[in-house]
Each structure stands twice: as structure tokens, then as C-alpha cells.
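**Student:** Have a look at this one.
The values are calculated or read from the model by the stated rules, or taken from the named source; none is laboratory data. Since the structure is predicted, the reported quantities are computational estimates derived from the model, not experimental observations. Neighbour counts are summed over all protein chains in view; Cβ atoms, including those assigned to glycine, are modelled from backbone coordinates with ideal geometry.
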Amino acid sequence: MAPMLQSSQQWVEKYRPRQVKDVAHQDEVVRVLTNTLETTSCPHMLFYGPPGIGKTTTALAIAHQLFGPELYKSRVLELNASDDRGINVVRTKIKDFAAVAVGSAQRQGGYPCPPYKIIILDEADSMTEDAQNALRRTMETYSKVTRFFFICNYISRIIEPLASRCAKFRFKPITEEIMSSRILHICKEEGLNLDAEALSTLSYISQGDLRRAITYLQGATRLFGSSISSKDLISVSGVIPQDVVEALFTACRSGDFDLANKEVNKIIAEGYPVSLLLSQIFDVVVEAEDISDEQKARICKRLAEADKCLVDGADEYLQLLNVASHVMLALCNMPEELNYES
Amino acid sequence: MLWVDKYRPKTLDQVIVHQDIALNLKKLVTEQDCPHLLFYGPSGSGKKTLIMGLLRQVFGPGAEKVKVENRTWKIDAGSRTIDLELTTLSSANHVELSPSDVGFQDRYIVQEIIKEMAKNRPIDTKGKRGYKVLVLNEVDKLSREAQHSLRRTMEKYSSSCRLILCCNSSSKVIEAIRSRCLNVRINAPTEEQIVKVLEFIGKKEGLQLPSGFAARIAEKSNRSLRRAILSFETCRVQQYPFTSNQAIPPMDWEEYVSEIASDIMKEQSPKRYINLREVNGIRRVLLTPTNYNLDSILRILLSTTRLFQVRGKLYELLTNCIPPEIVLKRLLYELLKRLDAELKHEICHWAAYYEHRMRLGQKAIFHLEAFVAKFMSIYKGFLITTFG
């Protein structure tokens, strides 16, 4: 027997703002877009900023508010990184969609329904440069009937000609108060019990990413029921407990290589993700007061190199051991051998 | 049947090691629904066992009736069709596969299979729609594109399909996927836990365990339960009744690496050229070959070098399918045991350096050998400065 599927929605979807004015904390964008709703005139747009702060939400909300549910399908094209987006798609799919003319402006059922279509390109920074180049002309040719919304994390990955054709909006990271108020709102709706400590833990581990915060909250609720402590949240998020980082650091301070090696072995056996550990070591190092600037610089350099190696797929144990050894050298003021550079 | 399989816990209630995690997993699926899951942890820690237990919990005993299938997927990629062959393990409600087996075209597999599963979803007796579970192994070996295409497909087909991802290190899984899953960290069992399991098996098999014997196996197992059980069984085959000081046979490849380590500690020399006198000797032998003479050629060739010999041994390991990064790690472990403290930093730096290179490069042997050569030069330099 196959189990039944309950309609338990992801909270991220459930509490996604449906209207532009509900989008938290992004005042400029909201002002411009509310204006758009009134006048129905709209430039090409480029939204950029870190993940989980409402870029896609805003774009979807404005599209819905402009066209309403009926026309939405025929007027809005949504493409993101999981769809194939090579140069071929730009040449065929986007162009075909853009080329279709639309009727004149008529208000339908309370929606403005302006006489153009919207193409939303989510995660535009993962498009190839060729594909972006192919878009340049398309944007201009069909600018009468089509508006483009680009959404990306890194504006530097969008080629200049595209960026200059758009009105750019930077989405600000969400402040702690706004995040707390949003989380508390959800807790109230879902009947959850969240104390102040858990709340601050949640905003610390999600680092300004509201989507992540909500996902963690939902995960914790599923596992631990309706009253959630900060420990539960940490175990769901996979953040490494601070004492593990501290233990590694103490081992490095001692200047005993074998001790550090043992500590590294323990961390690997516990299965903590090393890339996360590196960034937590980084936090500790930067904030530590008893480490001189030069030592910090030496450590950070190593952390950066190890991170790059991990991205390339290098072995976690060896990289962590290497970092530990260099942290030890730096902390104990031992000179690094000159012949380290290959 | 091997003990490893015989005593693998079948349900979440039977597990000995990760009881707290099993309990949480049970709670998670009591509502007959589960989020996407990502299991990560070192090998031999019980990820697979927990996943199978979870499937059984959700689908009942039917989840164990799996059939192995070797399917060819025809994938239409724009202008051409690609044929991909992949082995899958499937039951009525779940499919298990390692998409990284097909190499760089793993993206198509991911998309195609999920779509296929979404198409024919199971319907239960009440006519309600159920969901299927897709278990993906070794997600950390998936290419970036495959991972990126996974993120949207996960959301799109979430009504009919749940993913259970399984990997060794979650560092190599992109953030976007990690944030869409409930992450479950499976730590390696502690030595006490391994001892507990070994004693459990010993009792079931009706064996007499001398005190401290299980602890010794656990200590040698590197906190991998699978390995502990395997070596326990090996001991049983070798000698029973057990004696408390019975030797626990190490893996033969580890012995071999240890041998290599001693070799390169003993002497550091690259291949030297065969000199003229020896060339003449060889020529003479080749004119009148006898067994005795041919042996002497071999002796000349072998006597020349240490690095050259090590290369042969490394090749031997690689041809026996020991993964190169494991060889390197083990070699480092053996060397660190034998070294002075001041050299350790440098050696571990180079081990990390060459392992990274190995990952980027084509042939592992180059980098293994480079590491050995680097070690030799550093060690020789060290010997000369200390002892003159």
C-alpha cells in the first residue's frame, strides 16, 4: 500500500508574500513597483542580492498582481536554472514567447493587465555568457511587448550590456528585527512555542536568509513537536556546535601535532561538514582578541586556500589537517618553511 | 551469508547504534509524509541501514522485495538522443541508484528518472495518490550541473516524489540542495558502541568472547562498524575458540602501504641510470640467454632504485582497485607515525597539496609518486642538516 500524501505544504511556500506591499524590508523596490501597479508602466528590471530575502517573491508577486490568475499563464514566462537555458533556448523559446503580440490594455477583473508580457529569468547569473549576449538584441527588438525581470545573486556575473538595459535594484539583507517578527508571525499561525534564546539562535544560524530560517523551523517542528529549543534548531541546521570548534582550537594552541591530528580525526568521524567548519573557524579567528593581525592573516590565507581545494573536491581530512597544522604554526609563532611554495 | 548482512537491522526498532536518530526518523514518518532527506556521514556509519529501515517503516515489508535492473535510458537532448545505461534497485515504491556512475551525463539521468517516477505514481486502495521515494547514492560525486538541475526538479515534482540523498561529505553538495532537505548527520559509531554490537553478534552466534577482544577489534576498526564486523568474522574463521591475545589480521593493502612507508624512510633515491658496464653485461647475456643470466639482468634493474620500486608497489595497489586518495591518506598516516614533530607539518601540507592536484588531474599515479619523491627530498634534506 502506498502511503497517502497529506497536503502539508512547505511553509516557505505557504507564507510567501502574495502582494508586493507585503514584501518585508525592501522599501525602494516596493515603492517603485507600487507605482508600476498604478501607472502600469514598467522598465526592465534586475534584482540582485543574497539568497532568501525575497527577490523571486517580489517578481512573482508583481506578475500576479499585474495580470491576475487568468492571464498569468499566457503573459508570464518563468525560467530558472533547472530549465535548460543554453543559447538554443534563448533563440527559440524566449524569442517565440517574446514575439507574440498582445491585445491592448484592458482592465480585467480588477487587475491592471498592461499590454506587455513578462519574462522572469531566475538565477540569471548561471546563464552562460553566450546566452546572455544572445538576449541583448531580443530585449530591444521586443521591448514594446515584453519586459524582462532578471534575478541573480551576483550582479558581476551579468554582462554589462544587459545590466545597463535594466533598472537595478539591490535587495538588502533582512535585519534581525524583521526576521524575528516574521518568524514570530509564523509561530503564532502554526501554534509553535519558541523562546527568546531559540529565536536568536535561529537568526544567527540562518544569517539573514529568511527562507533558510523558515525551513529550519519547519524541520525542527516535524522532529521535535511544537516547542522548540535552540538545541533542536542547531541539530536540524547541521551547524557545528561551538565546543567542537573550540576543542580543535585548543589543540592547535597546544602546539602538539598529534593532539591536533586526533582532534581532526574525531571531527571527520563525527561527520561534520568541513566547509562549514572552515567558516566557523574563520568567525572564531576574526573575533579572537589574543591573536595578532599577522597571525590572523596567515590563518585566513590558509582557510581560503583550503576552501578552494574543497570546492575542487579535495579530501576533507587532508585539508582540515593542513589547516590545523598551519593554524598551529601561526598561533605558536613558528616560522613557515620557505619551501612551502611549490 | 556474511555477518555484515545477516545482522543488519531490518527495521528502525532494531538498530543498536543510532537509536536517537532512528527514533526521530520514526516520528518524522508517522504522519505518512516526509520531507526530502539528506544523510551524510563517514562510511560504515550506518547511513544505508537507516535509509532501508526508514523505507520499511513507510512502505512496510514490501520495500525489501527489490529487483536489480539494468536499464537503458533513451534521452532526447535537443538535436540528438543519448543512450545511458544504469543499474537500478527498485521495489514497488522506491528506486535506488547511483547517478554518478554515468559520469558527466548524470544530469539527464536525474531529470529523466524523476520525471518518469512522477508520471506513474502509485495509487492506494482508497484511490488516494501516494508518493514514491528515490534514493540517490553518492550525491557528493554528482556534477555541479546535475546538482543544479536537481534543485528545481525537487520542487516541481515534490507532490509525487520524495528524495533521499546519501553522501559522505556534505561539503560537496551545493547549498541550494542542502537547504531544501532535512539534513541528517550520521556520526561514526564510537568504540563502545562497536563493542556492544560485536558482543550482540557474538551472543547470537553462540561464541565465547574473551574480555578485551571485542575492544581490540573496535580499536583497529577506525570507527567503521562494517569493518569491525568483517574483521570479527575473519578472526572467527582463522581461529576459534578465541584467545584473548589473538592477532587481529590487518587489511593486506594496509600492510602493503606500511611496507612502502618503511621503504621510503629507509632510503631515498631516484632511479639511477644503468652504467656502461652493466649495459655491456646485459648485452652479453642477451646473446646467450639462460635462466641464470636473465635473473642477473633483473637484479641489475631492480638494484638501481628506491623510487622506482615504490612506483611498482603503488601501481600494484591501484590495479587492485584501492582508491588513490585512500592510499595517500594511509601513507600519510604511516609516515606521520614514524616522523619527528617538526617534519609533520610540512608533510601533511604536501599530502593535502598533492591530493588536491590528484583530484584535478588525470592520472593518480603521477601525484602519488610526486608525493613520495617530495617526501624523500624533504626527509633527506632533514637528515643531512641534522646528522651532516
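**Student:** Suppose we filter region B:28-60 for residues that are within 29 Å of A:S275 (Cβ to Cβ), facing another protein chain (nearest Cβ under 8 Å), over 19 Å from the mean Cα position of the chain (by Cα) and not aliphatic (A, V, I, L, M); how many remain?
**Tutor:** 1
**Student:** Sticking with this structure for a sec: Could you figure out which of (1) part of a helix (DSSP H, G or I); (2) in contact with a strand residue (DSSP E or B) (Cβ under 6 Å, 6 or more places away or on another chain) isn't true of B:S231?
**Tutor:** B:S231 satisfies every listed condition except (2).
**Student:** Output the number of residues of region A:54-95 satisfying the condition of being among the small types (G, A, S) and modelled with pLDDT under 80.
**Tutor:** Matching residues across region A:54-95 total 3.
**Student:** Just one of A:V239, A:V244 is in a loop (DSSP other than H, G, I, E, B) and surrounded by 14 or more Cβ atoms within 10 Å (Cβ to Cβ); which is it?
**Tutor:** From the options A:V239, A:V244, the qualifying one is A:V239.
**Student:** Run down A:A251, A:A213 and say which single residue is under 22 Å from the mean Cα position of the chain (by Cα) and either within 30 Å of A:R16 (Cβ to Cβ) or part of a helix (DSSP H, G or I) (or both).
**Tutor:** When all the criteria are applied, what remains is A:A213.
**Student:** Restricting attention to region B:116-146, and to residues there that are touching a helix residue (DSSP H, G or I) at 6+ places or on another chain (Cβ under 8 Å) and surrounded by fewer than 20 Cβ atoms within 10 Å (Cβ to Cβ), which single residue is modelled with the highest pLDDT?
**Tutor:** For region B:116-146, the residue satisfying everything is B:E138.
**Student:** Within region A:223-275, how many residues are closer than 27 Å to B:N222 by Cα, away from chain B (no Cβ under 13 Å) and in contact with a helix residue (DSSP H, G or I) (Cβ under 7 Å, 6 or more places away or on another chain)?
**Tutor:** Residues meeting the conditions: 7.
**Student:** Condition test on B:K141, is it more than 20 Å from B:C34 (Cβ to Cβ), out of contact with any Asp or Glu (no Cβ under 6 Å at 6 or more places or on another chain) and at the interface with chain A (Cβ under 9 Å from one of its Cβ atoms)?
**Tutor:** Spelling it out, B:K141 is indeed more than 20 Å from B:C34 (Cβ to Cβ), out of contact with any Asp or Glu (no Cβ under 6 Å at 6 or more places or on another chain) and at the interface with chain A (Cβ under 9 Å from one of its Cβ atoms).
**Student:** Taking B:V68, is it within 25 Å of B:Q147 (Cβ to Cβ) and within 25 Å of the chain's Cα centre (by Cα)?
**Tutor:** Considered against the rule, which asks whether it is within 25 Å of B:Q147 (Cβ to Cβ) and within 25 Å of the chain's Cα centre (by Cα), B:V68 comes out as no.
**Student:** State which residue is surrounded by the most Cβ atoms within 10 Å (Cβ to Cβ) when the search covers only region B:151-166 and only residues that are at the interface with chain A (Cβ under 10 Å from one of its Cβ atoms) and in contact (Cβ under 8 Å) with a residue 12 or more places away in the chain.
**Tutor:** If we take residues in region B:151-166 being at the interface with chain A (Cβ under 10 Å from one of its Cβ atoms) and in contact (Cβ under 8 Å) with a residue 12 or more places away in the chain, then B:M154 is surrounded by the most Cβ atoms within 10 Å (Cβ to Cβ).
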